[in-house]
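This report concerns only the one structure given below.
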Amino acid sequence: MQNNNPTPTPDEKKPVPAGSSFSHDLFSFLKTVSMTVWMVIFSAVLLAVAVVFIVVWLNRDNSLRLEQNGKIDITPTQVRSIRDIGEWEFLSVSDEELVDTVRHGFFGDDELVRIYYGTLRLGVNLHEAKPGWLKANKDTIVATLPPVKLLDEDFIDEAKTKSFYEEGSWSQQDREALYRKAYRKMKERCLNSRNIASAEQNAARQFDNLLRSMGFEHVRVTFEKPEKKK
């Protein structure tokens with residue numbers, strides 16, 4: 001039988017796999033690298049590891065925090081627009097007073113009895129607010145309002161005044177004196193600490209609603225102390 005496979009000659013070389021050639025070249029390159037170069041590379045690696053370790057150790061107690069700045073502010077335009085409200089009523093008190101006066105005479109007594117009706121309006125006048133009355137304190141708007149007071153001094157409705165009993169002759173001055181007596185009694189009865197406290201509560205609630213509607217979440221309302229009468 002004839003063998004058709006050629007017999008390799010001694011000069012022919014077998015093909016070398018690509019991976020074996022790369023490994024051989026790499027090994028040959030590493031053999032050419034001197035010990036000094038290896039020492040330099042090793043030292044650089046050690047230095048990099050040492051630097052990383054030191055940085056991590058120095059920052060072991062540090063942490064990254066993202067904090068929101070809660071500070072708010074109110075503009076002069078906003079302050080002016082609220083101040084321009086002027087008089088703001090927070091409590092209305094209706095009252096009626098029966099007052100009389102008696103004049104003694106030789107032949108008998110004269111008497112005048114009248115009934116007066118009035119409505120007292122309690123509130124604040126924002127035009128009387130002091131500088132800095134509305135300001136921001138961190139995340140809170142602080143409003144310091146003027147003292148609650150009687151907004152309208154002319155509170156008796158004279159058109160509703162009734163003459164309950166009248167005997168004798170009375171002058172206009174006598175009637176004016178009776179009016180002033182009714183005026184004082186109404187003021188003493190209605191302008192008391194209880195009604196003032198109620199007006200302050202209403203003011204604080206309404207001011208809180210106003211400022212919250214303007215976008216301010218935290219509101220604190222206080223009042224100036226009224227000046228002592230000399």
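The numbers here are math on the coordinates, done by the rules we state, and not lab data. Small disclaimer: the values here were computed from a predicted structure and weren't measured. Counting neighbours? That spans all protein chains shown, and the Cβs are built from the backbone with ideal geometry, glycine included.
Couple of notes before you dig in:
- Among 214, 192, 204 the positive-end extreme of the charge dipole of the stretch 170-218 (Cβ point charges): 192
- Partner aspartates and glutamates whose Cα lies under 15 Å from the Cα of residue 185, excluding those fewer than 8 positions away in the same chain, are identified as 95, 96, 97, 100, 153, 154, 157, 176.
- Sorting the segments 140-148, 96-104 by their residues' average number of neighbouring beta-carbon atoms within 10 angstrom, most packed first, yields 140-148, 96-104.
- Pairs exceeding a 28 Å alpha-carbon distance, out of 162/225; 135/225; 135/187; 130/181; 160/225: 162/225; 135/187; 130/181; 160/225.
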